[in-house]
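The next block holds one structure in the form of structure tokens; read it before the comments.
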Amino acid sequence: MAQTAGAVEERIGDGIAWIGVPSDAASHLTPALRAELLAALSRAEADGSVACIVLTGSGSGFSEGEDPASFEAPHAAPTPAELCLRVERCAKPVIAALHGRVLGTGAELALAAHYRIAAPGTRFGLPEVVLGLPPSAGATQRLPRLVGAAAALEILLSGRPVDLGATPPRGLVDHIAAGPLEEEARAFCAELRAEGLGPRPTALRRDGLADPMAYQQAVAARRAEAATSHNPARPEIVAAVEAAQLLPFASGLDFEEDAFETCRDSEPGRALRAVAAAERAALAARVPGPLGPRRIAVLGDGPLAVPLVQALLPVPASVDWGCPAPEALHAGVVQIRDRLEAARSSGALGDDEAELHLSRLRIGTPADMAGEAELVLLAGPGQEGVAVAPGASRLVAFPGPVTGVGLRFAPSPVAARLVEVIAGPEAGAAGIAEAEALALRMGSVSIRVTSSGESVGGRLFDACCRAADALVDMGQSPFAIDAACRDWGWRRGPFLRRDQMGLSRLGAQTRAAGAVNWASDLAAEGRTGRDAGAGFYDWTGAGAPAASAEVEALLAARRPAAEPWPAARLRLLLIGAMANEGARMLGSGMLHRASDLDLVALQVLDLPRWRGGPMHVALRLGARAVREALAGVAHPDRAFWTPHPLWDDLVTSRAAQWPEG
């Protein structure tokens, strides 16, 4: 008999009730779906013809759990914890037949089942820690009862899924399917019935608690690691796993629930979820496009070429590097070989991977390399006139004017977690889609920027430096400004960061009349940054920065003295100025989502993820407070400090979110 109740698929046959959990991208474990699952479970339990109940995913996976956006409010009834308890307390054996992705509360549902079988390639994970949250449906109590503290904490604290078909932790899975999953589940149920085996609640399992000493040692080791983390979930997860050994199961569930609420309401937790939401929004905004070209050409030399070629080698495509200077081409290939060898030696790449990456590379003149490529990336100026194959796209990857489509990597192509896709005045949808598809294949999040070549990262960095220099103009110490950033978790403030970059290259940053570009002034004095041993800081032979008395004297001679401001005020003005620049980008249409600027800030400025970016922080500080602080700045650069009208809209409408373009 087959029956469909809402979104849940139900069928009964041969003594088995099959309950299908929807697992497509739009089918999260919502309150409505949880209610449907509870009702289906009750029907199966009450049906006298049913001996076993099998939970299975009705799509490409078992379940990816809840929509992360739902974590912003308390769980609506029935909660995931209530669903899992009901599964665990079922009077008939419940078997979770797992395939595809089994994540979050979907994984917790699997843990609540009495038995688990899995198809090869099944990915099981509890990624809530990435959002600054512990699990909320009993995973911290059930998982260690099955696999012990060490294995449970590895899964819970890493947030990375494990392959259940490869080497799953002992005790997590009862059977790995060798054939079709439904047939294997049917045979597993027959075996249970033949052996007279009934429900086996995970709450009563003691396998993972069998060695109390090893359990405590694993907890102690992870507690020491978690104690220094700014992610509020990490110490709470360790404490909850310890509670699984020390407390009755029901008390452990209460402990986990309290930990979840504490983390959900914490500022770091809010920031981590905001960043994750920004990444999801950026991925969702991609233009549907091709899977990607089979042959990519990189044209040009200069500082961008080698890292760009290296970053493309892991992409499953042939990479042709065309360089007009044979000596630069040779040196670049040697550099790429050395980097791949270093990655292989460190274990970051396997021997076969390193060879495969290098086998994809072909080198020659720009004209020869561009002739067969489906996608051409310009890594430096002077290559714009090279002829490309008919139908091939041409993307500008180096800083400069963009009429079509450009790419900007943050912080560099090799380490880029984010790519700005610059849509110039003549950009077409196909070119944008191709650029976004390439970014995805490179493992990066892409954001779309409407400009003639200016990047969000460049503009944001300039705004940060401009604001920091203005604070110095007003009598504040660059070392106090950096210390205010460092104490907040931002390890490299604007002056330390510029020293590390080199001050000579920053002289082009413009300032208004009466304002000073202090990087340019120090460079003119011979203090050009870390490599020279002196910039804003004095750099010792060991490479450690020290506040410079010479710089303090130079500043005192060139601008009026002032009472030191509190660190909170310095941070408010610095972050407020960057958010104000973000508001200008939103207002002009250069940027379409405020959260995109936050993603750029995390990469370009190395802001701490657990604080969020300037746009998020500004809203947490309060739109009125930020607007008034900006308006109250007495500095010659009024155009820079004047609050953008979007602040007025936020204050008068009491909006909690920036508008989207």
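The values are calculated or read from the model by the stated rules, or taken from the named source; none is laboratory data. Since this is a predicted model, take the numbers as computed values, not measurements. Glycine also receives a Cβ, built like all others from the backbone with ideal geometry; neighbour counts cover every protein chain displayed.
Elements of the type helices (runs of 4 or more DSSP H) sitting completely within the stretch 110-214 and holding at least 1 residues that are among the small types (G, A, S) and either under 24 Å from S70 (Cα atoms) or outside the structural domain of A81 (by TED's automatic domain parsing) (or both): these cover 139-147, 149-158. Look at the stretch 421-450: where a residue is within 14 Å of L312 (Cα to Cα) and a partner is aromatic (F, W, Y), sitting 6+ places away or on another chain with Cβ atoms under 8 Å, you get S444/F409. Only residues that are part of a helix (DSSP H, G or I) and either among the charged types (D, E, K, R) or under 25 Å from F409 (Cβ atoms) (or both) were counted across the stretch 454-511, and they come to 31.
Yes or no, residue by residue, for (1) aromatic (F, W, Y); (2) touching a residue at least 40 places away in the same chain (Cβ under 8 Å); (3) buried (at least 20 other Cβ atoms within 10 Å of the Cβ):
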| position | (1), (2), (3) |
| --- | --- |
| E66 | no, no, yes |
| F71 | yes, yes, yes |
| R86 | no, yes, no |
| I95 | no, yes, yes |
| V102 | no, yes, yes |
| G106 | no, yes, yes |
| A118 | no, yes, yes |
| G125 | no, no, yes |
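In this structure, A468 does satisfy being surrounded by 20 or more Cβ atoms within 10 Å (Cβ to Cβ), among the small types (G, A, S), in contact with a Pro (Cβ under 6 Å, 6 or more places away or on another chain) and in contact (Cβ under 8 Å) with a residue 24 or more places away in the chain. Name the residue that is farthest from the chain's Cα centre (by Cα), counting only residues in the stretch 196-237 that are β-branched (V, I, T) and more than 18 Å from F260 (Cβ to Cβ). Here the answer is T202.
Does any residue of the stretch 246-263 turn out to be outside any helix (DSSP H, G or I) and in contact with a helix residue (DSSP H, G or I) (Cβ under 9 Å, 6 or more places away or on another chain)? Yes, the stretch 246-263 contains a residue that is outside any helix (DSSP H, G or I) and in contact with a helix residue (DSSP H, G or I) (Cβ under 9 Å, 6 or more places away or on another chain).
Of all the numbered requirements in (1) in a helix (DSSP H, G or I); (2) hydrophobic (A, V, I, L, M, F, W, C); (3) at pLDDT 95 or above; (4) touching a helix residue (DSSP H, G or I) at 6+ places or on another chain (Cβ under 8 Å), A553 misses one, and that requirement is (4).
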